[in-house]
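One structure below.
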Amino acid sequence: MQSSHLMENWNITFDCLANTANTAAATVLEHALDSPVAEIRERAIACLLRRSEQSSHFLVLRRLDRRDAAWSARFAQPPVRFLQSLRAALVSDDAELRENAYQVVLWGSLYEMIPLLVNLLERPEVEQAERAGEVLLELTRRLADSCDHADSHQVTSTLEGTLEQSRRALAIGMDRFAKHQRREVIQAYLLLIRENSGILRDVLRSNIHPARNALLRLFRDSTEPAVIRALCGFLRLHEIPTAVFGVLAQRDDPAFVRCFLRQVGTEPPAEVRRNLKRLRHLKWLSQLPRLLPQLDEAEQAVIPSLLERISIPSGEALTVLGTVLRRGLPLARAAAASCLGSHHGAEANALALQAAHDPDPRVVAAVLPQLRGRGIAGALPIILQSLQSPEPLVRRAARRCLNEFSFRRFLETWDMLPPDVRRDTGLLVKRVDGHAPGLLRAELASPLRMRRLRALSVAQELDLVFRVESSVIPLLQDEDPAIRAEAAAALASTNSPAGMNALKAALADPHTLVREAAEKSLLARELRRQQTTPECPGGDEPPGTGSDSGRDRPVARPTPRLVESTE
């Protein structure tokens, strides 16, 4: 009870010392700063900060100990009256007082001091201007970071006013660059803009603007992310100052290259595409072997399409593509392989062949469609080999390369092909055109006699009877005995019970030719059963007769001579 009463008396006493107009109270509080009791010292500091006279505030600033971590928390939310004294301390000739005031600004992240710090850059004392520039830059970084990590409501309600006030002060500082020659004001301004403003463009267009040369030097040399972001942001402007193109062409540091590639992207907007066309040189492209390992896969993948958008010589672009194909990550190599299509000659052909043997299927699929058009010796065998790739992406690309080897075209030219060419070409068509079985079924069901006969011959020649057996069996009931006989002959190559039963039924056919064909087919099936394995039940595709069986694989023969499409 006594302790509570004592605490209440302390509160009354310190509240009176903080608010009384009697200046003697400040003297009392000053003595309290030396108390051995920590709580008394803490209350004395708080009361001095609350008092209205500047001398009390200066007293706290002079007692400030930068090595004591407890001091920083005392200025988290300083009273308004103290902020006024803090401004006076910042312009004071007392070096210690001024330095402590800078420390308070940083401890409290007092963004409202930014306009004053910009003015302090014009102090004639160099060391004072340098310190003001350091604090200005650090404070501005914190403000920019706060905006980046705050949600949209916080930015709008709390920080937007401070941001706008700071930007205006920094813009004025840029216009007065001749007065202070401090690059920090430019760096601070770049930290706070999210899109390139007309101010930057006006500075760079004017040959007499005092900040122009300093801004260009920053763009050329600075590794500050905000500076690089502002430089690359010019690509999105409708009109770019000529000087910016020179800087974009000459920078080759990794931080710039990464930002530049992210700004361009794989599908840049119209303004970026138009500005890229004005670039006739990029120094970093010649340094690509050094830079490529420092880029991630998405950044590397932008490079090939970038080469098509800038105005550099074809030979230089081809060298870059070669570097990406040899050293790039898979997505970048695939993009480079696609872009090879616009380059021709021995070097481009060699790169295309290299890409055709790349371990990544995306790269192979991107380059396969180019091989035949390049007239490369051995292109067709590479494409044919790709038909057997375990990667669906590669197989589809290979089929697109051989689209003239279609089953429909093969049927149209069947009667014109010599017997030795039919099988070679047909086996290739079967590998290329995955729709062959379905189209053959449609031919077997055709109302035209000649097409049904031809389909039966094709099915036998290409070892496809097992795939279309369910369409062949009904032809044993065809009205034409020649078709019935050909269907019976075709069923000799299958092993299914359905085919066996159909052939046995055909032994009762009224036509001798059909009965003889059925007998031969049954005998052939029996001999095969005795020599190999027992018959497998059911289906159009018994084991051992599928597309991966030995019987379905074509033996090595000369390149097919199918008549290709003419244009």
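The values are calculated or read from the model by the stated rules, or taken from the named source; none is laboratory data. Note that this is a predicted model, so its numbers are computed, not measured. As a convention, Cβ positions derive from the backbone with ideal geometry for all residues, glycine included, and neighbour counts pool all protein chains shown.
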task: Tell me which residues, restricted to region 250-259, are buried (at least 16 other Cβ atoms within 10 Å of the Cβ) and either over 14 Å from Leu288 (Cα atoms) or among the polar types (S, T, N, Q) (or both).
output: Cys259
- request: Identify all residues within region 364-377 that are outside any helix (DSSP H, G or I) and closer than 21 Å to Arg326 by Cβ; write none if there are none.
  value: Ile376
- request: Please work out which residue is surrounded by the most Cβ atoms within 10 Å (Cβ to Cβ), limiting yourself to region 418-458 and to residues that are within 22 Å of Ala398 (Cβ to Cβ) and at pLDDT 80 or above.
  value: Leu440
- request: Report, by residue number, each residue of region 266-292 that is among the basic types (Lys, Arg), surrounded by 12 or more Cβ atoms within 10 Å (Cβ to Cβ) and under 14 Å from Ser305 (Cβ atoms).
  value: Arg273
The listed residue being part of a helix (DSSP H, G or I), touching a residue at least 24 places away in the same chain (Cβ under 8 Å) and under 26 Å from Ala490 (Cβ atoms), out of Arg400, Arg454, Arg396: Arg454
- prompt: Where in region 86-175 are there helices (runs of 4 or more DSSP H), lying fully within it, with 1 or more residues that are modelled with pLDDT under 90 and surrounded by 14 or more Cβ atoms within 10 Å (Cβ to Cβ)?
  reply: 126-149, 160-175
query: For the subset of region 196-208 comprising residues that are without any contact (Cβ under 8 Å) to a residue 12 or more places away in the chain and part of a loop (DSSP other than H, G, I, E, B), which member is surrounded by the fewest Cβ atoms within 10 Å (Cβ to Cβ)?
result: Ile208
query: Taking Asn501 and the conditions (1) modelled with pLDDT of 90 or more; (2) assigned to a helix (DSSP H, G or I); (3) surrounded by 19 or more Cβ atoms within 10 Å (Cβ to Cβ), which numbered condition does it fall short on, given that it satisfies the others?
result: (3)
- prompt: Within region 459-471, is even one residue surrounded by 23 or more Cβ atoms within 10 Å (Cβ to Cβ), part of a helix (DSSP H, G or I) and within 48 Å of the chain's Cα centre (by Cα)?
  reply: yes
query: Is at least one residue of region 222-239 under 22 Å from Leu170 (Cβ atoms), hydrophobic (A, V, I, L, M, F, W, C) and outside any helix (DSSP H, G or I)?
result: yes
